[in-house]
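Read the structure below first, then the notes.
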Amino acid sequence: MEIHGSLQLWAELGRGLARTEAKRALEEKDEGGGVRWYDTGRCPRTAPAAVHCLSIISLSGNATALLLAVPLMRLLRSLFSFARRFCWPEAACPIVLEGLYAVWTCRQWRTAVRLSAVVYIFHSCSVANIMNNHNTRHLEIPYSALADFSDREIYALNMLGHIYNETMALAKFAFVSKGTMDQPQAIKDANMFQTILFARLHAGKLHETQKTINGNRDVKEFLFKRCFSLIGEDRGRSLLKKFNADASGCKWLSDARNMDAMHFGTFEQLRRGVEEIRTNEIGFEMIRGDLAMSTLFLTSSVMTATSFYYRADPANWQTGLENLISDIEQVQNSLVDLVTVSLRALIDSKRDENLPEESRVREQDNESFNMPNIHNFHLPYFFALD
């Protein structure tokens, strides 16, 4: 067994349950000869004092469970980095995944191995399940302020908003589908399916976004004429160049769009997933409940998910999974920067006091509402009817 240095540092410098579990993990024996510790985070010397262990699980693993469970663990860190970027205001003081997780992985899938001592160390703050009385504001550029916009410019303006809405929604859906590792196995399997489903759709939409922003004359001309002219053409070009570089750097994005997101793949497109099923001697497995909507075909998820992972790394599906989640996050980051900076400049230009009052941006408070904390909200696959 390989034990990385920062696991030992957690045992020495961590506090409470985190320290206890790190020590216990160091004492675990490599019973099957086919496991290894992976440490993917920071050591406690750089961590705040308030640290706790969120989840400790012990599972029995077969090939199907491992193919579904291990990717979910790997997704957690990338999804939390998304949440830090988009889901919290800087002052919100959320729980942030910032440290170590140690996970058993299997070198030979056909060998049943024990997943043990999967430890998530979090920087912790006090975060309620519900944020009460959350405030939002309603902004409007009056129609009169858009009187000189052509129909095509009205289309382009709203298309940029539509792109933002859909890609942001898919990113959030993937995040809230992840669940936690202390849930029943059937729920964890469903979590994995939903998370990857939304990741596939997100990848496809990002591919379409690049095509639209660069290939749709109306949208591109709108950016240059109505937005970059306000922020400075050099800055606008820089934001667009960054987005294009990130999107074009994902060589797998086009394949994911055509084979995973927008179409049901052919045998040739999903061959790698079939090979995983063959290699690991997986039968046709499913979850069946009392209702049709409680059915989930597990092996089908293995076939489509592993084929998707291989898009980003044809040699190793686990590395591919890490790469594609990191790539999606990076492309989404640069897209958000491009759209928000551009549209904010347009909105701010309509606040000018020299404009007639009826043509200035209108702003008012919306009715406040309660908002679930993103960590504690789980988008379920299974539902009851009453």
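The values are calculated or read from the model by the stated rules, or taken from the named source; none is laboratory data. Remember, predicted model here, so these are calculated numbers, not experimental data. Heads up, the Cβs are rebuilt from the backbone with ideal geometry, glycines too, and the neighbour counts pull from every protein chain shown. Quick note on the areas: whole protein, heavy atoms, side chains included, nothing else; ligands and nucleic acids left out. Shrake-Rupley method; radii C 1.70, N 1.55, O 1.52, S 1.80 Å.
Kindly provide the set of residues from the stretch 137-181 that are over 26 Å from the mean Cα position of the chain (by Cα), part of a helix (DSSP H, G or I) and exposed (fewer than 13 other Cβ atoms within 10 Å of the Cβ), ordered by number. Passing the criteria: Tyr143, Ser144, Asp151.
Among the residues of the stretch 167-191, those identified as closer than 18 Å to Gly204 by Cα and not hydrophobic (A, V, I, L, M, F, W, C) are Thr167, Lys172. Scanning the stretch 334-377 for residues that are assigned to a loop (DSSP other than H, G, I, E, B), under 29 Å from the mean Cα position of the chain (by Cα) and surrounded by 16 or more Cβ atoms within 10 Å (Cβ to Cβ) gives Asn373, Ile374, His375. Among the residues of the stretch 279-294, is any more than 27 Å from Ile187 (Cβ to Cβ) and either aliphatic (A, V, I, L, M) or surrounded by fewer than 11 Cβ atoms within 10 Å (Cβ to Cβ) (or both)? No, every residue in the stretch 279-294 fails to be more than 27 Å from Ile187 (Cβ to Cβ) and either aliphatic (A, V, I, L, M) or surrounded by fewer than 11 Cβ atoms within 10 Å (Cβ to Cβ) (or both). Val331 satisfies every condition listed in (1) aliphatic (A, V, I, L, M); (2) open to solvent by 30 Å² or more (accessible area, probe 1.4 Å); (3) in contact with a Leu (Cβ under 9 Å, 6 or more places away or on another chain) except (2). Annotation note: Cβ proximity below 8 Å between a residue of the stretch 331-353 that is closer than 17 Å to Asn158 by Cα and a residue that is assigned to a loop (DSSP other than H, G, I, E, B) and open to solvent by 40 Å² or more (accessible area, probe 1.4 Å) (sequence gap 6+ or interchain) occurs for Lys350/Arg360.
Here is a yes/no grid of residues against (1) modelled with pLDDT under 95; (2) of a type outside the set (A, V, I, L, M):
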| site | (1), (2) |
| --- | --- |
| Gly283 | no, yes |
| Leu291 | yes, no |
| Ala312 | yes, no |
| Thr319 | yes, yes |
| Ile325 | yes, no |
| Thr340 | no, yes |
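In summary, helices (runs of 4 or more DSSP H) completely within the stretch 185-298 and bearing 2 or more residues that are of a type in the set (Phe, Trp, Tyr) and within 20 Å of the chain's Cα centre (by Cα) occur at 185-215.
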